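A.B. asks: Structure in structure tokens, see below.
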Number of protein chains: 2
Amino acid sequence: MTVQGRLFILSGPSGSGKSTLMRRLLENMPGLAFSVSHTTRKPRPGEEDGVHYHFTETAAFLALRDQQPSGFLEWAEVHGNLYGTGVVEVEKRLQQGMDILLDIDVQGARQVQERRNDAISIFLCPPSLDALARRLRRRATEKEESYALRLENARKELTCAPEYTYLLVNDQLETAVEGFRSIIIAERLRQRRNPDGSPVQMVW
Amino acid sequence: MTVQGRLFILSGPSGSGKSTLMRRLLENMPGLAFSVSHTTRKPRPGEEDGVHYHFTETAAFLALRDQQPSGFLEWAEVHGNLYGTGVVEVEKRLQQGMDILLDIDVQGARQVQERRNDAISIFLCPPSLDALARRLRRRATEKEESYALRLENARKELTCAPEYTYLLVNDQLETAVEGFRSIIIAERLRQRRNPDGSPVQMVW
């Protein structure tokens, strides 16, 4: 019998260093895969369908979204484009025993938790609000949103940190990578319980 | 405010490789300390009072044990000697923010869980009963107990594995050390909750 994979959620405000952290973790973490999202946005140069995103027509996205129950574990509209995590793909890979990592915001994390209350959620924090402000300012010229808006959004996201299972502070990158990796390894060693408290899987 | 330390329990049958694993972990895990037990057994050559054990007269041990509530988180009689984990020492170091590791058997683990239901318990398993039998046979000449008795006790202990939070299989030592270390790190990142679900400590 294949043991079902675990569903991990990573959230963190813009400027928390999430992308770097995920890239570093996935380089060296067999059995953990990143979930490929659906989007109605057009592919950018170099982006491949099925690798970076499942590029989806708006009508098809809306049909999937409005199924009962929804075909998306979570979905959101960002800058006029729709983004969503498909249930079928995630469930299929979990059934195969693969652990899945979702990179979603606090709203998306809440939606996922409603459908899958066994999801393990990790919130990535900057070491301080000052450090976050400095990182955002450094990037301010590269991005569409204004510095002030991004900082305000980050502040709002930080207030949701208490909803998460784990809190990971990204002060030193190496320490954060080790912490993230440790969470994945430890969760694999944690005994999963049925509602009556008995373990899901017996070893002996 | 100092954040209270966490209490870790490690159990595992004779032959599971527990001593080696603990030594390897403690070499390189700041903030985690081994609890020094009380015993009525006489010191062996090289053993220091307060380092290896608190060597205690039987009358003093019994007085501590029979306090209400007991002065021991757990205690046991082994080969006619009494062994116990003192509440005061453990609580004092937890209050100082130190994480404490207890090396106790399944009976002791149950006693501790009754007093401290926030203790994090780890059960160390051999990779298989055959592997355990081989390890015990190899040591059979060195130890007081007979091989058959030790194997029977190990079998009994293994049936208690489902009571533990984590199950760590000692197949490859390096993998087990990494797993053990990951559990400690991940638990430090896990948000602790008050009975109403609110986090014990706010970061922001």
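The values are calculated or read from the model by the stated rules, or taken from the named source; none is laboratory data. Remember, it's a predicted structure, so these values are computed and weren't measured experimentally. So basically every Cβ, Gly included, is an ideal-geometry build from the backbone, and we count neighbours across all protein chains shown.
A.B. asks: When you check A:ARG139 against the structure, is it surrounded by 12 or more Cβ atoms within 10 Å (Cβ to Cβ), within 14 Å of chain B (Cβ to nearest Cβ) and modelled with pLDDT under 90, yes or no?
C.D. replies: No, not satisfied.
A.B. asks: Pairs only if they're at least six apart or on different chains, beta carbon under 6 angstrom, first in the range B:161-180 and under 18 Å from B:SER14 (Cα atoms), second crowded, with 16+ Cβ neighbours inside 10 Å and of a type in the set (Ser, Thr, Tyr); list them, first residue then second.
C.D. replies: Here the result reads B:TYR164/B:SER121; B:ASN170/B:SER16, each pair linking the range B:161-180 to a residue that is crowded, with 16+ Cβ neighbours inside 10 Å and of a type in the set (Ser, Thr, Tyr).
A.B. asks: While we're on this one: Condition check: in a strand (DSSP E or B), under 28 Å from B:GLU152 (Cα atoms) and either modelled with pLDDT under 95 or among the charged types (D, E, K, R) (or both). Does B:ALA76 satisfy that?
C.D. replies: yes
A.B. asks: Let me ask something else. With the requirement that a residue be of a type in the set (S, T, N, Q), within 12 Å of another protein chain (Cβ to nearest Cβ) and assigned to a helix (DSSP H, G or I), what does the range A:143-184 give you?
C.D. replies: Within the range A:143-184, A:THR175, A:SER182 qualify.
A.B. asks: Determine, yes or no, whether B:ALA154 is of a type in the set (Gly, Ala, Ser) and under 22 Å from B:ARG6 (Cβ atoms).
C.D. replies: No: the conditions fail for B:ALA154.
A.B. asks: Then there is this: Quick check on the range B:149-166. Is at least one of its residues surrounded by 12 or more Cβ atoms within 10 Å (Cβ to Cβ), of a type in the set (Lys, Arg), more than 20 Å from B:PHE72 (Cβ to Cβ) and modelled with pLDDT under 85?
C.D. replies: Scanning the range B:149-166, I find at least one residue that is surrounded by 12 or more Cβ atoms within 10 Å (Cβ to Cβ), of a type in the set (Lys, Arg), more than 20 Å from B:PHE72 (Cβ to Cβ) and modelled with pLDDT under 85, so the answer is yes.
A.B. asks: Going through the range B:185-197 one residue at a time, which ones are at the interface with another protein chain (Cβ under 7 Å from one of its Cβ atoms) and assigned to a loop (DSSP other than H, G, I, E, B)?
C.D. replies: B:GLN191
A.B. asks: If the requirement is being touching a Pro at 6+ places or on another chain (Cβ under 9 Å) and at pLDDT 95 or above, which of these qualifies: B:LEU132, B:LEU124, B:LEU62, B:LEU101?
C.D. replies: From the options B:LEU132, B:LEU124, B:LEU62, B:LEU101, the qualifying one is B:LEU124.
A.B. asks: Please list, ordered by first then second residue, the pairs with beta carbon atoms under 7 Å, 6 or more apart or interchain, first in the range A:185-199 and closer than 16 Å to A:LEU7 by Cβ, second outside any loop (DSSP other than H, G, I, E, B) and aliphatic (A, V, I, L, M).
C.D. replies: A:ALA186/B:ILE183; A:ALA186/B:ALA186; A:GLU187/A:ILE120
A.B. asks: Restricting attention to the range A:27-51, which residues are assigned to a loop (DSSP other than H, G, I, E, B) and among the β-branched types (Val, Ile, Thr)?
C.D. replies: A:VAL36, A:THR40, A:VAL51
A.B. asks: Run down B:VAL112, B:VAL177, B:VAL88 and say which single residue is over 30 Å from A:PHE123 (Cα atoms) and at pLDDT 95 or above.
C.D. replies: B:VAL112
A.B. asks: Could you tell me which of the residues A:MET1, A:MET22 is in a loop (DSSP other than H, G, I, E, B) and at pLDDT below 95?
C.D. replies: None of the other options fit; the residue is A:MET1.
A.B. asks: Another question, if that's okay. How many of the residues making up the range A:110-132 are away from chain B (no Cβ under 14 Å) and in a helix (DSSP H, G or I)?
C.D. replies: Of the residues in that region, 5 qualify.
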